[in-house]
Amino acid sequence: MIYLICNIIISLNLLLICNSDGRFNNNELATETQTHFNSNQNLEKFATNKVIPNEIRELTLEALSYFPDLINTKIDFQFKNNIHGSVMQAQPKVGSLFVHSKENRAYKIKISRNLFLEDNPIPIEQLPDDVLLGWIGHELGHIQDYIERGSMNLLGFGIKYYLSNSFVTKAEIAADSYAVAHGLGEKIIATKNFVLNHDQIPLAYKQKIEALYLSPGEILSMVDPELGEENNTLEEE
Ligand SMILES: [Zn+2]
């Protein structure tokens, strides 16, 4: 039975899981007090239980420093050549989902080795620091969203994520909101602006981001409600 369930997860390419039970509240999260460790402090302590490719190690540790709750969480950052139309994906490791308690559960964040632009691919570590930090921060937002969920809950949400675009949007809003609440709002905006304004990023990817994800203006509303309102007004004009 467990084998069957694992296969279902794998075949559905369990992406990430949303929040449909209402325990997630953007405003509450956005106003949480955050403790952020500056980069001049020792970042190595955030490497506990993490596997990180050297090329992105420092930036990944910096992103992790915004999420002190994940300090002991097992996360494997894996370079991949192709992630089915995504640049990064955060998932629970299937093998640990039904074996370990949620405290000991392991996760992976798949990271596209190259960003595919229309002309030629560029290695992911060549992205501007803010953009890469925002991108990794968003994935850590997903993991922050998963850590308190039970295994069956994660399985159910994974299936819904696969079947429903509105569920995808909820999951993505949850991840962005956790990242904003942990002090990464400006980096998240930098990532979105980079994707939406880059003239070499394929149109299909931009359209996916526009359709399913929060806009830079909406993120700004979470970071600073007044500025966000002005920005949204401008966008409508
Ligand atoms: Zn996401």
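Quick notes on this structure:
- Given (1) in contact with a helix residue (DSSP H, G or I) (Cβ under 9 Å, 6 or more places away or on another chain); (2) surrounded by fewer than 16 Cβ atoms within 10 Å (Cβ to Cβ); (3) under 28 Å from residue 70 (Cα atoms); (4) at pLDDT below 95, number of the condition residue 227 does not satisfy: (3)
- Only one of the numbered conditions (1) within 15 Å of residue 83 (Cα to Cα); (2) at pLDDT below 95; (3) touching an Asp or Glu at 6+ places or on another chain (Cβ under 9 Å) is violated by residue 121, and that is (3).
- Condition check for residue 167: farther than 24 Å from residue 66 by Cβ, at pLDDT 95 or above and of a type outside the set (Val, Ile, Thr): yes
- Each residue in region 143-183 was checked for being surrounded by fewer than 17 Cβ atoms within 10 Å (Cβ to Cβ), closer than 23 Å to residue 50 by Cβ and polar (S, T, N, Q), and 0 pass.
- Index of the failed condition, residue 64 passing every other in (1) at pLDDT below 95; (2) of a type outside the set (Ser, Thr, Tyr); (3) touching a strand residue (DSSP E or B) at 6+ places or on another chain (Cβ under 9 Å): (1)
- Positions within region 176-204 being within 13 Å of the ligand (Cβ to nearest atom), out of contact with any Lys or Arg (no Cβ under 8 Å at 6 or more places or on another chain) and under 27 Å from residue 118 (Cβ atoms), in sequence order: 176, 188, 191, 192
- Every condition in (1) within 16 Å of the ligand (Cβ to nearest atom); (2) within 25 Å of residue 61 (Cα to Cα) is met by residue 160 except one, and the failing one is (2).
- Filtered residues of region 95-134 (kept if closer than 15 Å to residue 75 by Cβ and either in a helix (DSSP H, G or I) or not β-branched (Val, Ile, Thr) (or both)): 95, 96, 97, 100, 102, 103, 104, 105, 106, 107, 108, 110
- Number of positions in region 22-56 that are surrounded by 16 or more Cβ atoms within 10 Å (Cβ to Cβ) and at pLDDT 95 or above: 4
- The number of residues in region 90-118 being more than 17 Å from residue 205 (Cα to Cα), aromatic (Phe, Trp, Tyr) and modelled with pLDDT under 95 comes to 1.
The values are calculated or read from the model by the stated rules, or taken from the named source; none is laboratory data. From a predicted model like this one, the values you see are computed outputs, not experimental measurements. Here the Cβ is made from the backbone with ideal geometry for all residues, glycine too, and neighbour counts use every protein chain on show.
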